[in-house]
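Data first, discussion second: the structure below is written as structure tokens.
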Amino acid sequence: TVMIPLEDLSPSGPWSKLAPDGALAQQFSDRMDSLWKAEPGAELHFRFRGSAASVYDILGPDGGRLEITVDGLVTTANRIDGYCTYWRLARLNVCSGLTPEVIHDVTIRVLPDVLDKGEILFEENRPDLKKNPTKYEGSAWYAGAVFIVGGGVEK
């Protein structure tokens, strides 16, 4: 497995690298060298030779929906779940079980979709949404690095 920092993949669109001394980046600094925040319209595109790819990222209350395209096949993934009254480390499974000798093409795009976070949160966590609605605003994606099972990224 090869780990590639996000900055080595030239993300495009509205991405911002979080300050290392900021609260969120500091919280995960022992696990991630850098943390990036992507807003709707941001994209991460890479090509790799290998059998699988994933992204070390963070789920949280302001998480949004991603569109993941691998070799032309499109899926979506939410970066918020029922537990998300706080931010926590996660791993986005981008693709697996691919032919390792082939170069695969991946694009991950942050969608502008407004998620019904009250429906996504577990019932016991919904009071936090009512009490702190601004914490849940937005459709962000926080990512730190891409993991490739195989030969790594192709230029």
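The values are calculated or read from the model by the stated rules, or taken from the named source; none is laboratory data. These figures come from a predicted structure and were not determined experimentally. Neighbour counts are summed over all protein chains in view; Cβ atoms, including those assigned to glycine, are modelled from backbone coordinates with ideal geometry. Keep in mind that these areas ignore ligands, DNA and RNA; they rest on the heavy atoms of the full protein, side chains included. Shrake-Rupley method; radii C 1.70, N 1.55, O 1.52, S 1.80 Å.
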| query | more than 12 Å from ASP62 (Cβ to Cβ) and of a type outside the set (A, V, I, L, M, F, W, C), is that true of ARG79? | reply | no
| said: Tell me the residue from PRO100, PRO61 that is farther than 23 Å from SER12 by Cβ and surrounded by fewer than 17 Cβ atoms within 10 Å (Cβ to Cβ), please. | reply: PRO100
| What number of residues within segment 23-43 are under 11 Å from the mean Cα position of the chain (by Cα) and within 12 Å of TRP87 (Cβ to Cβ)? | 2
| field | Answer residue from segment 7-36, given it is within 15 Å of ARG109 (Cβ to Cβ) and either in a loop (DSSP other than H, G, I, E, B) or not aliphatic (A, V, I, L, M) (or both) and is most open to solvent (accessible area, probe 1.4 Å) among those | value | SER10
| task | Being farther than 19 Å from HIS104 by Cα and surrounded by fewer than 20 Cβ atoms within 10 Å (Cβ to Cβ) is the filter here, so list the residues in segment 39-55 that pass it. | result | GLU39, PRO40, GLY41
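Residues checked against (1) closer than 26 Å to ASP62 by Cβ; (2) open to solvent by less than 40 Å² (accessible area, probe 1.4 Å); (3) not basic (Lys, Arg):
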residue: VAL94; (1), (2), (3): yes, yes, yes
residue: PRO112; (1), (2), (3): yes, no, yes
residue: GLU119; (1), (2), (3): yes, no, yes
residue: PRO127; (1), (2), (3): yes, no, yes
residue: LYS130; (1), (2), (3): yes, no, no
residue: ALA140; (1), (2), (3): yes, yes, yes
residue: VAL146; (1), (2), (3): yes, yes, yes
residue: VAL149; (1), (2), (3): no, no, yes
| request: Mind counting the residues in segment 106-143 that are at pLDDT below 95 and either of a type in the set (A, V, I, L, M) or touching a Ser or Thr at 6+ places or on another chain (Cβ under 9 Å) (or both)? | output: 2
